[in-house]
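One structure below.
The values are calculated or read from the model by the stated rules, or taken from the named source; none is laboratory data. Just so it is clear, the model here is predicted, and its values are computed rather than measured. Every residue, glycine as well, gets a Cβ built from its backbone with ideal geometry; the counts of neighbours run over all protein chains shown.
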């Protein structure tokens, strides 16, 4: 069968019976949009994160886009984010009409370089959008104070970091808002698309509830032109059930990461991820680096042995066709560009065993020992 790269099907089996009961209850009531399942999950997620409010939306991209819109960001404004992120981060900025401003990543953590982000600020900067990439939180303790003094909003892209904690605070609670994806393979994943926003700002929360629902909370009352981006109740049921297991599953992911470190730490030709060895990394992905010249050979060897790998992400945003219009040439972000050629995502999920990791380590040792760079 091989080793699963991610395991949403395994997680589903944990909640299956309760979820089906919830689906039957929704069908019995006939309320298929909104309703108690959504408000119940929103309340539970707000309580879990320590936020005053949680707002469910259609997906993680909408969470980012609607938050920026609700903050009044639009044409003429600039929003700073990382060059090495999933394209949705930058799409959200683009679709507000604002200009995405990219910066390189830290060479050790792969997280946005905060000093470069500060240097990129101009009078047009309205927000900084740090990404908790691969499940590891950006330490925003200094940046939030710095940004507040300059009236710059900090919006966290927490799509990969549900359940992460740093200095006693959860991902999604460090800035004005946190934006989450509940895509099925995320640490807190739905059974389809889903997204959420956390905030403790009552005015922002109220505007977000309206902007996701055609500009008004009450039916046929439209205070401004809004959007249709509501969390599906069947997904909300799954999310609330999974939320009860999230901390337990985060422990399993960190344990899998520790196994990788144990078995791979003395293996030449591979660079392991650096992190704080605490709860601030929930290992949505486990990323290693190998020489760009041998990456394809390494991946093909593992695939032949039943081990699926991936690349997150094969190209920095400025080198994608979609954002070729941005004023950045190849070489603009050397760290992000180099790492895009070297990174490999190894399997990471709640069902990874020590035997799995030991097997992968042996195969990596075998292939790295035979390939000449």
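Structure notes:
- Pair list, Cβ < 7 Å and 6+ apart or interchain, from the stretch 84-101 residues that are part of a helix (DSSP H, G or I) to residues that are modelled with pLDDT of 95 or more and surrounded by fewer than 18 Cβ atoms within 10 Å (Cβ to Cβ): 87/320; 87/322; 96/74
- Applying the criterion of being surrounded by 15 or more Cβ atoms within 10 Å (Cβ to Cβ) and without any contact (Cβ under 8 Å) to a residue 60 or more places away in the chain to the residues of the stretch 274-304, the residue that is nearest to the chain's Cα centre (by Cα) is 288.
- So residue 116, is it free of Cβ contacts under 8 Å to residues at least 40 places away in the same chain and surrounded by fewer than 19 Cβ atoms within 10 Å (Cβ to Cβ): yes
- Condition check for residue 33: assigned by TED's automatic domain parsing to the domain that holds residue 205 and either in a loop (DSSP other than H, G, I, E, B) or on the phi > 0 side of the Ramachandran plot (or both): yes
- Exclusive hit being farther than 30 Å from residue 339 by Cα and at pLDDT 95 or above, set 214, 132: 214
- Selection status of residue 51, within 19 Å of residue 172 (Cβ to Cβ), under 20 Å from the mean Cα position of the chain (by Cα) and not in a helix (DSSP H, G or I): yes
- Summed over the stretch 1-50, residues that are without any contact (Cβ under 8 Å) to a residue 60 or more places away in the chain and under 30 Å from residue 359 (Cβ atoms) total 3.
- Hits in the stretch 155-180 (condition: surrounded by fewer than 21 Cβ atoms within 10 Å (Cβ to Cβ) and under 21 Å from residue 72 (Cβ atoms)): 176
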